(Lines give C-alpha, C1' and ligand atoms only; values in the text may rest on other atoms or scores of the structure.)
Protein backbone atom coordinates (compact mmCIF):
# COMPACT_ATOMS: atom_id res chain seq x y z
CA UNK A 1 0.00 0.00 0.00
CA UNK A 2 1.29 3.45 -0.93
CA UNK A 3 2.36 6.02 1.62
CA UNK A 4 -0.44 8.45 0.78
CA UNK A 5 -3.10 5.77 1.09
CA UNK A 6 -1.79 4.71 4.52
CA UNK A 7 -1.70 8.36 5.59
CA UNK A 8 -5.27 8.88 4.43
CA UNK A 9 -6.49 5.88 6.40
CA UNK A 10 -4.70 7.08 9.50
CA UNK A 11 -6.25 10.54 9.17
CA UNK A 12 -9.68 9.02 8.58
CA UNK A 13 -9.34 6.90 11.72
CA UNK A 14 -8.29 9.97 13.75
CA UNK A 15 -11.16 11.98 12.28
CA UNK A 16 -13.61 9.26 13.28
CA UNK A 17 -12.26 9.18 16.83
CA UNK A 18 -12.58 12.97 17.12
CA UNK A 19 -16.13 12.96 15.81
CA UNK A 20 -17.14 10.30 18.33
CA UNK A 21 -15.71 12.57 21.04
CA UNK A 22 -15.52 9.80 23.60
CA UNK A 23 -19.18 8.83 23.31
CA UNK A 24 -20.62 5.39 22.80
CA UNK A 25 -18.86 3.60 19.94
CA UNK A 26 -22.21 2.53 18.49
CA UNK A 27 -24.67 5.39 19.07
CA UNK A 28 -22.55 8.33 20.35
CA UNK A 29 -24.63 8.74 23.49
CA UNK A 30 -22.78 9.13 26.77
CA UNK A 31 -20.59 6.06 27.33
CA UNK A 32 -21.09 4.57 30.79
CA UNK A 33 -19.81 1.01 30.21
CA UNK A 34 -16.32 1.52 28.84
CA UNK A 35 -16.70 2.52 25.19
CA UNK A 36 -20.45 1.82 25.18
CA UNK A 37 -23.59 3.26 26.71
CA UNK A 38 -25.70 1.02 28.95
CA UNK A 39 -28.23 0.26 26.20
CA UNK A 40 -25.63 -0.71 23.60
CA UNK A 41 -23.72 -2.78 26.16
CA UNK A 42 -26.91 -4.71 26.94
CA UNK A 43 -27.53 -5.19 23.21
CA UNK A 44 -24.00 -6.48 22.81
CA UNK A 45 -24.48 -9.03 25.60
CA UNK A 46 -27.58 -10.29 23.80
CA UNK A 47 -25.32 -11.45 20.95
CA UNK A 48 -23.74 -14.13 23.13
CA UNK A 49 -24.06 -17.72 21.96
CA UNK A 50 -25.36 -20.17 24.58
CA UNK A 51 -22.65 -22.48 25.89
CA UNK A 52 -24.95 -25.42 25.24
CA UNK A 53 -24.57 -24.80 21.52
CA UNK A 54 -20.80 -24.92 21.70
CA UNK A 55 -19.27 -28.16 20.53
CA UNK A 56 -17.71 -27.45 17.16
CA UNK A 57 -14.27 -28.74 16.35
CA UNK A 58 -11.59 -27.67 13.94
CA UNK A 59 -10.27 -31.10 13.06
CA UNK A 60 -9.81 -32.58 16.53
CA UNK A 61 -9.40 -29.22 18.31
CA UNK A 62 -12.41 -27.82 20.25
CA UNK A 63 -13.74 -24.41 19.16
CA UNK A 64 -15.41 -21.93 21.53
CA UNK A 65 -16.86 -18.66 20.25
CA UNK A 66 -18.42 -16.00 22.44
CA UNK A 67 -21.02 -14.36 20.18
CA UNK A 68 -22.90 -14.27 16.92
CA UNK A 69 -21.39 -11.95 14.30
CA UNK A 70 -24.20 -9.56 13.46
CA UNK A 71 -26.07 -6.54 14.75
CA UNK A 72 -24.39 -4.71 17.66
CA UNK A 73 -21.46 -7.13 17.83
CA UNK A 74 -20.65 -6.66 14.16
CA UNK A 75 -20.85 -2.87 14.53
CA UNK A 76 -18.68 -2.93 17.65
CA UNK A 77 -16.03 -5.06 15.93
CA UNK A 78 -16.02 -2.66 12.98
CA UNK A 79 -15.58 0.35 15.29
CA UNK A 80 -12.80 -1.50 17.11
CA UNK A 81 -10.85 -2.44 13.99
CA UNK A 82 -11.53 0.43 11.59
CA UNK A 83 -12.23 3.48 13.78
CA UNK A 84 -9.51 2.89 16.37
CA UNK A 85 -11.86 2.29 19.29
CA UNK A 86 -9.25 0.15 21.04
CA UNK A 87 -10.99 0.60 24.37
CA UNK A 88 -13.50 -1.99 23.18
CA UNK A 89 -10.77 -4.56 23.76
CA UNK A 90 -11.55 -4.30 27.48
CA UNK A 91 -15.23 -4.96 26.84
CA UNK A 92 -14.60 -7.90 24.53
CA UNK A 93 -12.02 -9.43 26.86
CA UNK A 94 -14.30 -9.04 29.86
CA UNK A 95 -17.37 -10.64 28.30
CA UNK A 96 -15.31 -13.56 26.99
CA UNK A 97 -13.41 -14.16 30.23
CA UNK A 98 -16.52 -13.74 32.41
CA UNK A 99 -18.83 -15.61 30.08
CA UNK A 100 -18.24 -19.05 31.57
CA UNK A 101 -16.42 -20.36 28.50
CA UNK A 102 -15.71 -24.07 29.01
CA UNK A 103 -12.48 -23.69 27.06
CA UNK A 104 -10.70 -22.20 30.06
CA UNK A 105 -12.94 -22.01 33.13
CA UNK A 106 -13.92 -25.68 33.34
CA UNK A 107 -10.75 -27.69 33.88
CA UNK A 108 -12.40 -30.98 32.96
CA UNK A 109 -12.62 -29.79 29.35
CA UNK A 110 -8.85 -29.30 29.18
CA UNK A 111 -7.52 -32.81 29.64
CA UNK A 112 -4.49 -34.72 28.52
CA UNK A 113 -4.13 -38.49 28.94
CA UNK A 114 -7.33 -38.44 30.98
CA UNK A 115 -5.97 -36.06 33.63
CA UNK A 116 -7.05 -32.44 34.16
CA UNK A 117 -4.64 -29.94 32.68
CA UNK A 118 -3.97 -26.89 34.86
CA UNK A 119 -5.17 -23.77 32.99
CA UNK A 120 -2.15 -21.74 34.09
CA UNK A 121 0.04 -23.91 31.84
CA UNK A 122 -1.84 -22.86 28.72
CA UNK A 123 -0.30 -20.21 26.50
CA UNK A 124 -2.43 -17.82 24.44
CA UNK A 125 -1.28 -17.35 20.85
CA UNK A 126 -3.11 -14.79 18.65
CA UNK A 127 -3.66 -15.38 14.95
CA UNK A 128 -1.14 -13.05 13.29
CA UNK A 129 -1.72 -10.47 10.58
CA UNK A 130 0.81 -9.58 7.90
CA UNK A 131 3.22 -6.71 8.54
CA UNK A 132 1.59 -4.70 5.72
CA UNK A 133 -1.81 -4.98 7.42
CA UNK A 134 -0.20 -4.15 10.76
CA UNK A 135 1.26 -0.92 9.33
CA UNK A 136 -2.11 -0.04 7.84
CA UNK A 137 -4.21 -0.70 10.95
CA UNK A 138 -1.63 -0.03 13.63
CA UNK A 139 -2.49 -3.11 15.71
CA UNK A 140 -3.41 -6.77 15.50
CA UNK A 141 -6.89 -7.13 16.97
CA UNK A 142 -6.32 -10.80 17.87
CA UNK A 143 -3.21 -9.84 19.83
CA UNK A 144 -5.08 -7.12 21.76
CA UNK A 145 -7.79 -9.64 22.59
CA UNK A 146 -5.28 -12.30 23.66
CA UNK A 147 -3.46 -9.84 25.93
CA UNK A 148 -6.72 -8.79 27.59
CA UNK A 149 -7.79 -12.40 28.10
CA UNK A 150 -4.37 -13.18 29.51
CA UNK A 151 -4.72 -10.34 32.01
CA UNK A 152 -8.21 -11.44 33.03
CA UNK A 153 -7.40 -15.13 33.32
CA UNK A 154 -3.79 -15.03 34.48
CA UNK A 155 -2.44 -16.74 31.37
CA UNK A 156 0.77 -15.97 29.52
CA UNK A 157 0.58 -14.62 25.96
CA UNK A 158 2.97 -15.28 23.09
CA UNK A 159 2.16 -12.35 20.73
CA UNK A 160 4.61 -13.65 18.14
CA UNK A 161 3.98 -17.34 18.65
CA UNK A 162 2.97 -17.41 15.00
CA UNK A 163 4.01 -15.09 12.19
CA UNK A 164 2.31 -14.45 8.87
CA UNK A 165 4.68 -15.07 5.99
CA UNK A 166 2.55 -13.51 3.26
CA UNK A 167 -0.37 -11.14 2.92
CA UNK A 168 -3.45 -13.12 1.88
CA UNK A 169 -6.60 -11.69 0.28
CA UNK A 170 -10.00 -11.74 1.95
CA UNK A 171 -11.38 -15.28 2.18
CA UNK A 172 -15.13 -14.64 2.40
CA UNK A 173 -15.59 -14.52 -1.39
CA UNK A 174 -13.67 -17.76 -1.97
CA UNK A 175 -14.88 -21.34 -2.07
CA UNK A 176 -13.53 -23.78 0.48
CA UNK A 177 -10.88 -25.28 -1.81
CA UNK A 178 -9.69 -21.78 -2.77
CA UNK A 179 -9.55 -20.77 0.89
CA UNK A 180 -7.32 -23.72 1.69
CA UNK A 181 -4.98 -22.99 -1.22
CA UNK A 182 -4.82 -19.34 -0.23
CA UNK A 183 -3.91 -20.05 3.40
CA UNK A 184 -1.51 -22.93 2.72
CA UNK A 185 1.92 -21.90 3.99
CA UNK A 186 0.71 -18.48 5.18
CA UNK A 187 1.97 -19.04 8.77
CA UNK A 188 5.22 -20.06 10.38
CA UNK A 189 6.40 -20.57 13.93
CA UNK A 190 7.28 -17.21 15.46
CA UNK A 191 10.23 -16.15 17.63
CA UNK A 192 8.22 -16.42 20.87
CA UNK A 193 7.98 -20.21 20.51
CA UNK A 194 11.35 -21.04 19.00
CA UNK A 195 14.00 -22.79 21.08
CA UNK A 196 11.74 -23.42 24.05
CA UNK A 197 9.95 -26.54 25.30
CA UNK A 198 6.39 -26.93 23.97
CA UNK A 199 3.39 -26.35 26.18
CA UNK A 200 -0.37 -26.36 25.51
CA UNK A 201 -1.61 -23.61 23.22
CA UNK A 202 -4.95 -21.80 22.99
CA UNK A 203 -5.30 -19.95 19.67
CA UNK A 204 -7.14 -16.61 19.87
CA UNK A 205 -8.84 -14.76 17.00
CA UNK A 206 -11.53 -12.14 16.59
CA UNK A 207 -13.61 -14.01 13.98
CA UNK A 208 -14.11 -17.71 13.29
CA UNK A 209 -15.92 -18.64 10.09
CA UNK A 210 -15.03 -21.82 8.17
CA UNK A 211 -11.96 -22.71 10.23
CA UNK A 212 -9.56 -22.48 7.28
CA UNK A 213 -7.26 -20.01 9.02
CA UNK A 214 -7.40 -21.94 12.28
CA UNK A 215 -6.52 -25.23 10.58
CA UNK A 216 -3.38 -23.71 9.09
CA UNK A 217 -2.36 -22.27 12.46
CA UNK A 218 -2.96 -25.64 14.16
CA UNK A 219 -0.94 -27.47 11.51
CA UNK A 220 2.08 -25.19 11.97
CA UNK A 221 2.01 -25.48 15.76
CA UNK A 222 1.53 -29.23 15.78
CA UNK A 223 4.26 -29.72 13.18
CA UNK A 224 6.69 -28.13 15.63
CA UNK A 225 5.43 -30.19 18.57
CA UNK A 226 3.13 -27.62 20.20
CA UNK A 227 -0.20 -29.17 21.30
CA UNK A 228 -3.29 -27.06 20.63
CA UNK A 229 -5.98 -27.25 23.32
CA UNK A 230 -8.62 -25.02 21.78
CA UNK A 231 -9.54 -22.25 19.37
CA UNK A 232 -11.33 -19.30 20.95
CA UNK A 233 -12.83 -16.37 19.09
CA UNK A 234 -14.99 -13.37 19.78
CA UNK A 235 -17.58 -13.92 17.04
CA UNK A 236 -18.77 -16.18 14.29
CA UNK A 237 -21.56 -15.97 11.69
CA UNK A 238 -24.99 -17.21 12.74
CA UNK A 239 -26.46 -20.45 11.51
CA UNK A 240 -27.64 -18.73 8.34
CA UNK A 241 -24.46 -16.71 7.91
CA UNK A 242 -23.98 -13.00 8.49
CA UNK A 243 -26.33 -10.54 6.85
CA UNK A 244 -23.29 -9.14 5.08
CA UNK A 245 -19.87 -10.69 4.55
CA UNK A 246 -16.99 -9.55 6.78
CA UNK A 247 -15.52 -6.42 5.22
CA UNK A 248 -12.14 -4.77 5.41
CA UNK A 249 -13.71 -1.40 4.71
CA UNK A 250 -14.64 0.78 7.68
CA UNK A 251 -18.35 1.44 8.18
CA UNK A 252 -19.73 4.95 7.86
CA UNK A 253 -19.58 7.09 10.96
CA UNK A 254 -22.84 7.21 12.96
CA UNK A 255 -24.84 10.36 12.91
CA UNK A 256 -24.82 12.31 16.13
CA UNK A 257 -27.82 11.74 18.36
CA UNK A 258 -29.12 13.62 21.32
CA UNK A 259 -27.36 13.56 24.66
CA UNK A 260 -30.14 11.63 26.40
CA UNK A 261 -28.86 8.25 27.55
- Query: Taking residue 65 and the conditions (1) assigned to a strand (DSSP E or B); (2) at pLDDT below 90, which numbered condition does it fall short on, given that it satisfies the others?
  - Reply: (2)
- Members of region 156-203 that are modelled with pLDDT of 85 or more, buried (at least 17 other Cβ atoms within 10 Å of the Cβ), in contact with a helix residue (DSSP H, G or I) (Cβ under 8 Å, 6 or more places away or on another chain) and closer than 17 Å to residue 133 by Cβ: 159, 162, 164, 187
- Tell me, please, whether a residue that is assigned to a helix (DSSP H, G or I), modelled with pLDDT of 90 or more, out of contact with any strand residue (DSSP E or B) (no Cβ under 7 Å at 6 or more places or on another chain) and surrounded by 13 or more Cβ atoms within 10 Å (Cβ to Cβ) can be found in region 9-31. no
- Message: If a residue must be buried (at least 22 other Cβ atoms within 10 Å of the Cβ) and either free of Cβ contacts under 8 Å to residues at least 40 places away in the same chain or not in a strand (DSSP E or B) (or both), how many such residues does region 123-139 contain?
- Response: 2
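Give region 221-230 a look and list any residue that's surrounded by fewer than 20 Cβ atoms within 10 Å (Cβ to Cβ) and in a helix (DSSP H, G or I), or say none.
Let us first name the residues in region 221-230 that are surrounded by fewer than 20 Cβ atoms within 10 Å (Cβ to Cβ), namely 222-225, 227.
Residues satisfying the conditions are 222, 223.
The values are calculated or read from the model by the stated rules, or taken from the named source; none is laboratory data. What you are looking at is a predicted structure, and each value in this text was computed from that prediction instead of being measured. A quick note on method: Cβ atoms are made from the backbone with ideal geometry, for glycine too, and the neighbour counts reach across all protein chains shown.
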